[in-house]
1. Mind listing the Cα extents of the chain along all three principal axes, in Å, largest one first?
2. If you wrap a convex hull around the Cα atoms of segment 1-46, how much volume per residue is inside, in Å³?
3. How long are the semi-axes of the equivalent ellipsoid of segment 169-215, defined as square roots of 5 times the Cα gyration tensor eigenvalues? Whole Å, largest first.
4. Where the Cα atoms of segment 187-299 are projected onto their three principal axes, how long is each span, largest first, in whole Å?
5. Cut-off 10 angstrom, C-alpha nodes, Gaussian network model of the chain. Which of 277, 97, 252 fluctuates the most?
6. Give the peptides 175-181, 58-64, 164-170 in descending order of average Cβ contacts within 10 Å, highest first.
7. Cut-off is 10 Å between beta-carbons; in what order do 224, 194 appear when sorted fewest neighbours first?
8. Taking only Cα atoms and a 10 Å spring cutoff, compute GNM fluctuations for the chain and point out the largest among 282, 98, 270.
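Computed from the coordinates by the stated procedures, all read-outs in this text should not be read as laboratory data. Since the structure is predicted, the reported quantities are computational estimates derived from the model, not experimental observations. With ideal geometry, Cβ positions are generated from the backbone for all residues, glycine too; neighbour counts draw on all protein chains shown.
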C-alpha cells in the first residue's frame with residue numbers, strides 16, 4: 001500500500017459526507033416518491049454508472065462470482081444488501097434521519113460479533129470497551145423516548161425495528177463479502193448487487209413517479225443514486241491510501257453529520273426534515289456512539305504513528 005495520509009483523509013471525509021447526507025436526502029425524496037421506487041432508481045443509476053465506469057470489462061469476474069463454487073456466498077451477499085437498502089429506507093420513512101444513522105451503527109457491531117463467532121477472530125479488550133460504549137451511547141441518545149418523556153408512536157417503533165433489521169442484513173452481507181473478497185474484487189460484488197437490484201425492484205417500482213418531481217427533487221434523487229458509487233468508491237480509495245485503523249476512526253462521524261445537516265437545513269433553509277428530540281444527554285449519547293464505533297472498529301494490528 002502506498003501511504004498518502006492527505007488522500008486517505010480526503011477520501012475518508014468524502015465517504016463520511018456521503019453517508020451523512022444520504023438519510024437526509026432520502027427523507028426529502030420520501031415525501032414525493034415511495035420507498036420501492038426510490039430504491040429502484042438508486043440501484044439503476046448506480047448500475048449505469050458502474051457499467052460505464054468499469055463494468056464492460058468485468059464480465060469474466062461476474063461469471064466467477066456466479067460459479068458453483070461461490071454461488072451461495074454471492075447470493076447471500078446480494079440478497080442481504082438488497083434487503084438492507086429496502087429495510088433501511090422503509091424504516092427511515094417512520095423515524096428521523098439522525099435516529100436512523102445512530103441505529104445503523106449496529107451493523108458494524110454485529111459484523112464484529114459475527115466475525116468472532118464464524119471466523120473465530122479475537123477482539124482486543126479495547127474493542128470490547130468500544131462495544132459497551134456504543135450500546136451505552138444508544139441508550140442515552142434515545143433516553144427521552146425510553147423514559148416516555150417524548151410520546152413514541154407505534155409507527156416510530158416499527159421504524160426502529162426496520163432499521164435494526166437492516167443492520168442485521170448488512171451484517172450478513174459483510175460476512176459473505178468478507179469471504180468473497182479473498183478471491184474477488186469488492187467493486188465486482190457491488191456491481192452485481194446494483195444490476196440485481198435494478199432487475200428485481202423494477203416490477204415493484206413506479207418509475208413514472210419521477211414525472212411529478214420538480215427540479216430540486218430530481219437533483220436529490222440523482223444524488224441518492226450517485227451516493228452508493230461515490231461512497232463505496234471513496235471508501236476503497238481511502239483504504240488504499242491510508243491505514244485501515246485511521247479510516248475506521250473517521251467513518252463513524254457520519255451520524256454526527258446527519259444530525260448537523262438536519263438541524264442546519266431546518267434552521268437556515270426553512271426545511272421541515274424531522275429531527276430527534278435532543279437534550280445534553282442525547283448529545284452525549286451521539287458522541288459516545290461515534291466514539292464507541294470508532295474504537296470497536298479498530299483492527300487488531302493497527303499501525304502506530
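1. 56, 53, 36
2. 85 Å³
3. 31, 11, 10
4. 44, 40, 23
5. Among 277, 97, 252, the largest GNM mean-square fluctuation belongs to 277.
6. Highest mean packing first, the order is 164-170, 175-181, 58-64.
7. Fewest-to-most ranking of 224, 194: 224, 194.
8. Comparing 282, 98, 270 in a Gaussian network model of the chain, the most mobile one is 270.
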